[in-house]
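Here is the structure we will look at, set down as structure tokens.
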Amino acid sequence: MSELVILLLVVPLAGAVVAGLGAYLPRRSERGPGLAGVVGLVSLAACLALLIPLAPWGLAGREPLVYPVGGWGEPVGIALYLDALAWTSSLVGLLVAFCALLFAVAEGKHVPRFYFFFLLLVLGMEGVILTGDLFNLFVFLQILSIASYILIAGGERRQALLASFRYLVISSVGIGFFLLGIFLFYKSTGTLSLRLMAGAGGSFRTLELAVVCLAVGAGVKTAFVPFHTWLPDAHASAPHPVSAVLSGVMIKVSFLVLWRLVSLFGAGDLRHVLLWVGGLTAVFGVIAAIAQTDTKRLLAYHSVSQMGYIVAAFGAGTAAALGASLYHLVNHSLFKSLLFLSVGAVIRATGERDIGRLKGIGGLAGRLPGVFALFLVGTLSIAGLPPFNGYVSKGLIASGLQGRAAAYLLILAAGAGTVASFLKLSGIFLARKPAASRGRTAAALRPPPPAMLAAMILLAVPCLATGLFPRVVGGALARVARADPAVGGIAGPVPGGLYSPMHLAELAATLAVGIGLYLLATRTRLGDRLLAFLRGRRAGLSTALGLLVAGFVVLAVLTWRL
Amino acid sequence: MAPYLILALFLLGIWGLVRKDNLIKKVIALNIVNSALIVLFVYMGSLSGSTAPILVERLHPGEGLRRLADIVDPLPQALMLTDIVIGICLTALALTLAARIYRRFGTLDIRRLEKAAAQDDGAPPPASPEGGSRPDDGQSGE
């Protein structure tokens with residue numbers, strides 16, 4: 001049975017090689033790219049199928065499945081672990097990757113090399129999720145990163161190259177801190193295996209510093225404030241399916257690294273810092289998002305903001321909050337990928353990506369009804385309206401943060417901002433057709449092919465399912481979160497009171513403030529000026545690196561002192 | 001002494017990354033940071049013993065076991081071999097990106113590049129004649 005675990009790594013790798021070979025088909029044949037895409041889809045589907053026989057380890061709470069690579073036992077060799085957290089994140093990650101790849105195949109403009117690196121990215125993701133060895137984790141993180149730099153650089157506009165370079169530099173420095181953390185760990189515990197390490201003693205201070213170093217490394221990839229600087233550029237410039245994977249998979253995987261490390265060492269002080277970092281990230285991201293005029297940049301800032309929710313709930317550290325954090329993590333993977341794909345379909349159809357210009361075209365809701373419906377699912381989910389999944393997980397997070405008034409308020413404020421910014425984004429569909437004075441005709445639209453819609457439907461259905469069956473999903477995820485030793489055997493959250501008056505009042509307040517904020521921001525001169533000012537504030541690369549180092553110092557000092 | 005030198009090397013790399021505007025110099029600085037980490041692993045790892053980690057029984061009959069107890073921990077060095085390979089990949093990729101950036105933007109100066117990218121996005125409020133707010137105003141007038 002445990003051989004299946006290694007197959008989760010072998011299948012994407014083999015798929016990558018075969019898809020890459022598509023580049024060497026004779027020049028004449030134009031089927032190369034299409035075939036490479038199909039190979040990619042098949043290998044991802046195979047990975048998803050592999051998860052079925054492994055389900056007992058994912059859902060039934062069995063002991064983790066261990067696969068010693070090459071037959072060497074743990075102190076000498078590297079072991080792969082499949083536990084509930086790994087199974088769940090594999091499921092979500094592979095599903096999102098599959099849908100994004102389907103979208104890419106439907107776009108039909110990618111070369112076989114694209115599919116090669118895409119599958120390499122999936123390999124890196126699975127490796128990070130499964131490995132039980134800290135240095136191996138570093139290697140897979142680098143594979144994941146290098147594949148993503150190349151995919152981002154493939155964006156259409158020339159900024160994509162610059163965004164990729166900036167991301168490369170910032171994340172390499174972040175991973176440098178990660179390597180430093182590995183060194184400190186090895187020095188104080190004498191092993192690199194995560195499981196053996198937890199038991200090994202060692203200087204407490206050194207271990208704490210090591211966790212901070214690792215958290216900075218993972219934090220740069222997870223993109224919470226102040227490490228978020230690379231994300232808006234990278235996610236906005238990447239090709240649409242890559243944006244979906246970056247938001248739906250990449251930042252989640254690195255957060256899971258953080259999750260594992262922190263829960264393994266029970267670093268309570270760091271958790272406390274993360275609660276604050278998360279709250280601030282949620283608000284910051286949403287403020288920056290409202291200011292954007294570029295559709296994809298707006299979504300990218302929302303990835304920052306929503307990660308703030310997840311990090312804050314994780315930082316709260318109670319059983320209920322952890323379950324909520326995981327729930328929102330899954331939900332955000334689904335709806336943010338859906339949003340990126342649907343906005344990508346709009347951009348592909350119209351050739352425009354600026355909110356103002358898309359409004360200028362007008363009447364898109366009627367002309368792209370399928371895309372509009374799917375976009376609406378994503379929007380209502382992220383804005384937290386019942387019965388969509390965002391309402392469930394945001395409600396769970398809010399109740400998980402009970403007793404932490406400041407963080408709770410920050411999260412509510414971020415919720416209002418989310419509503420405001422998605423009102424703004426929905427304008428691209430809802431704007432009426434301008435009086436026929438403008439020259440553009442309906443013929444200019446490129447309707448999305450069926451495969452593209454299918455990719456989005458595949459994401460929209462789980463979005464609805466996780467919203468409509470909160471008890472089932474919440475119960476399963478609570479069991480997963482309970483594997484976290486810091487939580488112990490406390491019962492997970494059963495979202496019974498989800499539609500309680502308290503939560504509905506929260507919802508009403510959020511909506512009211514959100515609509516008010518939207519009107520204030522877009523319909524008044526002051527709001528216009530404020531947004532233009534915010535839009536102009538972009539962190540240069542030097543500032544970004546300065547923030548990174550400063551963030552490390554602050555995190556280290558805070559953790560040390562608490 | 002050596003740890004301080006390694007720290008100095010690390011900080012030198014960070015300084016280069018922050019202060020140097022040329023992309024190629026940034027790549028060099030990235031390599032300096034990486035070298036600092038490699039030297040850290042190899043140097044600190046070498047403090048754990050005094051002979052090379054080779055099974056020496058056949059070379060020195062009789063005293064092999066004594067030497068075995070005194071070998072340097074080979075793991076950090078092995079890890080750094082991997083890191084060096086990854087570092088080369090990253091350097092190659094970064095230089096390729098820099099070359100492409102030069103072809104598309106005509107400069108390697110990060111400040112000019114960032115300015116050009118912001119202008120492409122129509123981001124700076126005073127400079128762009130057709131920023132996002134213009135059509136928005138038209139909408140609200142209707």
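The values are calculated or read from the model by the stated rules, or taken from the named source; none is laboratory data. Since we're looking at a predicted model, the values are computed, not measured. Glycine also receives a Cβ, built like all others from the backbone with ideal geometry; neighbour counts cover every protein chain displayed.
Key figures for this structure:
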{"item": "Contacts under 9 angstrom Cβ, first residue in segment A:220-236 being within 13 Å of chain B (Cβ to nearest Cβ), partner part of a loop (DSSP other than H, G, I, E, B) and polar (S, T, N, Q), 6 or more apart", "result": "A:Pro232/A:Gln292; A:Ala236/A:Gln292"}
{"item": "Close pairs (6 angstrom Cβ cut-off, 6 or more residues apart or separate chains): within 11 Å of another protein chain (Cβ to nearest Cβ) in segment A:137-159, outside any helix (DSSP H, G or I) and among the small types (Gly, Ala, Ser) anywhere", "result": "A:Ile152/A:Ala238"}
{"item": "Output for segment A:284-302, where each listed residue is of a type in the set (Phe, Trp, Tyr) and closer than 10 Å to A:Ser421 by Cβ", "result": "A:Tyr301"}
{"item": "Considering residues of segment B:44-53 that are surrounded by fewer than 21 Cβ atoms within 10 Å (Cβ to Cβ) and within 11 Å of chain A (Cβ to nearest Cβ) only, the residue farthest from the chain's Cα centre (by Cα)", "result": "B:Ser48"}
{"item": "Count of residues meeting criterion [β-branched (Val, Ile, Thr) and touching a Phe, Trp or Tyr at 6+ places or on another chain (Cβ under 6 Å)] in segment A:6-57", "result": "1"}
{"item": "Sole exception among (1) in contact with a helix residue (DSSP H, G or I) (Cβ under 7 Å, 6 or more places away or on another chain); (2) farther than 20 Å from A:Leu412 by Cβ for A:Leu385, by number", "result": "(2)"}
{"item": "Residues of segment A:513-562 satisfying the condition of being in a helix (DSSP H, G or I), over 25 Å from A:Trp230 (Cα atoms) and aliphatic (A, V, I, L, M)", "result": "A:Val513, A:Ile515, A:Leu517, A:Leu519, A:Leu520, A:Ala521, A:Leu526"}
{"item": "Residue check for A:Leu119: part of a helix (DSSP H, G or I) and more than 8 Å from chain B (Cβ to nearest Cβ)", "result": "yes"}
{"item": "Subset of segment A:348-385 [part of a helix (DSSP H, G or I) and within 14 Å of chain B (Cβ to nearest Cβ)]", "result": "A:Thr350, A:Ile355, A:Gly356, A:Arg357, A:Leu358, A:Lys359, A:Gly360, A:Ile361, A:Leu364"}
{"item": "Checking A:Leu209 against (1) among the hydrophobic types (A, V, I, L, M, F, W, C); (2) over 18 Å from A:Ala79 (Cβ atoms); (3) surrounded by 21 or more Cβ atoms within 10 Å (Cβ to Cβ), the condition it does not meet", "result": "(3)"}
{"item": "Where a residue in segment A:526-543 is within 7 Å of chain B (Cβ to nearest Cβ) and its partner, wherever it lies, is part of a helix (DSSP H, G or I), with Cβ under 6 Å and at least six apart", "result": "A:Asp528/B:Ser133; A:Arg535/A:Ala291; A:Gly540/B:Glu114; A:Leu541/A:Arg166; A:Leu541/B:Ile110; A:Ser542/B:Val18"}
{"item": "Some residue of segment A:342-355 being in contact with a Leu (Cβ under 7 Å, 6 or more places away or on another chain) and without any contact (Cβ under 8 Å) to a residue 40 or more places away in the chain", "result": "yes"}
{"item": "Sole exception among (1) over 19 Å from the mean Cα position of the chain (by Cα); (2) more than 20 Å from B:Gly16 (Cβ to Cβ); (3) modelled with pLDDT of 85 or more for B:Pro61, by number", "result": "(3)"}
{"item": "Residue tally, condition under 15 Å from A:Pro232 (Cα atoms) and within 23 Å of the chain's Cα centre (by Cα), over segment A:536-561", "result": "4"}
{"item": "Test: residue in segment A:108-121 that is of a type in the set (Ser, Thr, Tyr), over 15 Å from A:Ile6 (Cα atoms) and crowded, with 24+ Cβ neighbours inside 10 Å", "result": "yes"}
{"item": "Segment A:156-170, residues that are outside any helix (DSSP H, G or I) and either closer than 11 Å to B:Leu113 by Cβ or under 19 Å from the mean Cα position of the chain (by Cα) (or both)", "result": "A:Arg158"}
{"item": "Restricting segment B:74-95 to residues that are within 10 Å of another protein chain (Cβ to nearest Cβ) and more than 15 Å from the chain's Cα centre (by Cα), the residue that is nearest to A:Arg166 (Cα to Cα)", "result": "B:Leu79"}
{"item": "Residue within segment A:407-425 that is surrounded by 14 or more Cβ atoms within 10 Å (Cβ to Cβ) and either modelled with pLDDT under 80 or outside any helix (DSSP H, G or I) (or both) present", "result": "no"}
{"item": "Verdict on B:Val18 being modelled with pLDDT of 90 or more, farther than 17 Å from A:Ala163 by Cβ and assigned to a helix (DSSP H, G or I)", "result": "yes"}
{"item": "Residue within segment B:23-46 that is at pLDDT 85 or above and under 30 Å from A:Leu534 (Cα atoms) present", "result": "yes"}
{"item": "So A:Leu261, is it farther than 30 Å from A:Tyr115 by Cα, among the aliphatic types (A, V, I, L, M) and crowded, with 22+ Cβ neighbours inside 10 Å", "result": "yes"}
{"item": "Options A:Ala236, A:Ala218, A:Ala244, A:Ala210: the member that is touching an Asp or Glu at 6+ places or on another chain (Cβ under 7 Å), small (Gly, Ala, Ser) and either on the phi < 0 side of the Ramachandran plot or assigned to a helix (DSSP H, G or I) (or both)", "result": "A:Ala236"}
